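For reference, the structure is listed below as structure tokens.
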Amino acid sequence: MKNQYYYLLGIIFSWLWSSMAFSAPIVFKNVHDFIKDKSEIITFEAADGQTSPEAISSQFNSIETIIFEGSSKILQTDLDAISGAPFDGTSYLHLKSTNDGVHPFSRVDIIFSEPVDAVGAYWGGVDKGIVIMRVTFVEGHRYGISPSTRLYNLLPRNSQDKCEAINGFLGIDSNEGKKIKEVTFFVVGDQISLDNIYFGDATGGLYGIGETLLPSAFYKNQCDTTSSSSNECTMYGVNDKNFNNSKFFSINPEDHYSVDLLNYNHPYNGYDIESLDVHPITGELFAASSYNTTDNKDKGFLLKVNKQHGGLTPIGSTGFDAIVSLSFHPNGSLWGWVDNVGLIQIDPTNAESTLKLGSHYNIDGISWSTDGSVLYIMGKNSLYAYNPTRKTFLEKCNNFPLNTQAIDTLNDNSLLFISYENKKSTLHSFDINSCTINTTVPATFINTRFTDVKGIASSCN
């Protein structure tokens, strides 16, 4: 058994060595690189009649053979998407090494009768051991990648959140070179799943043409299973009642300002989230925790929020605890206000922050103007304009509605805000030039549960 294991290791490393000799292919991480009309999908679903290698190969003219070796097999189950269970549908290809000396590996090999431009698959449970995806081109060159390396830090590891299991998509594109005639998936010492293998034509690119998808963990009503862009006009808010009971919600102006709770089944580990904003270039939603976190954990952390299901991905500590508001400059730089400290600039990639303006004011919200020349600062019933070039403050209005803790600038340079009064929260728009509430956004009832909205963000085009 030991000699056989080392023999297998030697084969694997020879595969990797041959991969290094041929560097033309591109590894991409987005399934939407595949061109729908020119690509096909192996689902392993019983409903699709794909319950065996023979059944699968009979369905695709471009597949000559598909071979399972070792302990690889198709399973139908509805387990959580941890350690190699499905995340899309009820079936998946299970690859698990055994220690019985008979099947110390799992291997699946697909030979195409018609060579393809690209091959890719969703991987689940990739955590340890040796996992290889290798393609062979028509002229004999081989190219292999290790999902356990490529998927590291792509998605959260060791998460108990079904929507954020140790999963991810990886594909290999021939990059306009010789096409792929064979693909092999190989596992030693790990337990993983392959869910939905794609093959055909792809556009290529290191990160793909869209957002990398989270696995749905088969709970499709709770998780993001598509790469659709945000609604042309969508607003987001965070309610933070009782210090750290944070709840994210979205508002759809196109549907009579309907409100949806994003994180119905997503605990936030006692984060005291009081601020959020949408990146003006990427459309990603960011948030920051303040100082009232449970057990003093992760104070002043920058976080990325999934806009479909509300899941959080921590980016890092800003080094400042009491962050009460965030605002992206139109150029993509991120700014925040810290109580009793002042204005900071935050690197959205790693959360490293720098104090740009010292101030002991406790304010309720900040938001950059549409042209980035002025930062609006709101506190109690006053609205100020801060000019970063001249470093000057100017009071614009002294009648800003009370009971407001969140603002965001709309495309017409008015300020979106949510106000709480008479036991209900309502959405409004404030005209800065006339210092009046205008009718651009109606006084829409939000939700009786949201009585302490600390942050609001809009992505309206």
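The values are calculated or read from the model by the stated rules, or taken from the named source; none is laboratory data. Nothing here was measured: the structure is a model prediction, and the numbers come from that model. Backbone-built Cβ (ideal geometry, glycine too); neighbour counts: all protein chains shown.
Points worth noting:
- In segment 402-441, residue modelled with the highest pLDDT [restricted to those that are within 12 Å of Leu383 (Cβ to Cβ) and in contact with a Pro (Cβ under 8 Å, 6 or more places away or on another chain)]: Phe430
- Test: residue in segment 311-334 that is in contact with a Cys (Cβ under 9 Å, 6 or more places away or on another chain) and either among the small types (Gly, Ala, Ser) or in the same structural domain as Asp452 (by TED's automatic domain parsing) (or both): yes
- For Arg390, the conditions (1) part of a strand (DSSP E or B); (2) without any contact (Cβ under 8 Å) to a residue 60 or more places away in the chain; (3) over 25 Å from the mean Cα position of the chain (by Cα) all hold with the exception of (1).
- When every residue of segment 332-347 is checked against the conditions, none turns out to be modelled with pLDDT of 90 or more and under 20 Å from Ser250 (Cα atoms).
Per-residue answers, yes or no, for (1) without any contact (Cβ under 8 Å) to a residue 24 or more places away in the chain; (2) part of a loop (DSSP other than H, G, I, E, B); (3) surrounded by 16 or more Cβ atoms within 10 Å (Cβ to Cβ); (4) assigned by TED's automatic domain parsing to the domain that holds Tyr257:
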position	(1), (2), (3), (4)
Ser367	no, no, yes, yes
Thr370	no, yes, no, yes
Glu395	yes, no, no, yes
Ile418	no, no, yes, yes
Ser434	yes, yes, no, yes
Ile437	no, no, yes, yes
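- Some residue of segment 70-86 being under 14 Å from Ile197 (Cα atoms), among the aliphatic types (A, V, I, L, M) and either at pLDDT 75 or above or touching a Leu at 6+ places or on another chain (Cβ under 7 Å) (or both): yes
- Residue that is surrounded by the fewest Cβ atoms within 10 Å (Cβ to Cβ), among those in segment 270-281 that are more than 12 Å from Val238 (Cβ to Cβ) and at pLDDT below 85: Ile281
- Inter-residue pairs, beta-carbon under 7 Å, first in the same structural domain as Ile130 (by TED's automatic domain parsing) and part of a loop (DSSP other than H, G, I, E, B) and in segment 69-98, second at pLDDT 70 or above and hydrophobic (A, V, I, L, M, F, W, C), 6+ apart: Ser72/Leu93; Ser72/Leu95; Ser72/Val108; Gly84/Ile192; Ser97/Phe105; Ser97/Val187; Ser97/Val188
- Qualifying residue in segment 232-244 (condition: at negative phi, in a loop (DSSP other than H, G, I, E, B) and either at pLDDT below 75 or within 16 Å of the chain's Cα centre (by Cα) (or both)): yes
- Applying the criterion of at least 3 residues that are touching a residue at least 40 places away in the same chain (Cβ under 8 Å) and surrounded by 17 or more Cβ atoms within 10 Å (Cβ to Cβ) to the strands (runs of 3 or more DSSP E) found wholly in segment 292-363 leaves 301-305, 323-328, 334-338.
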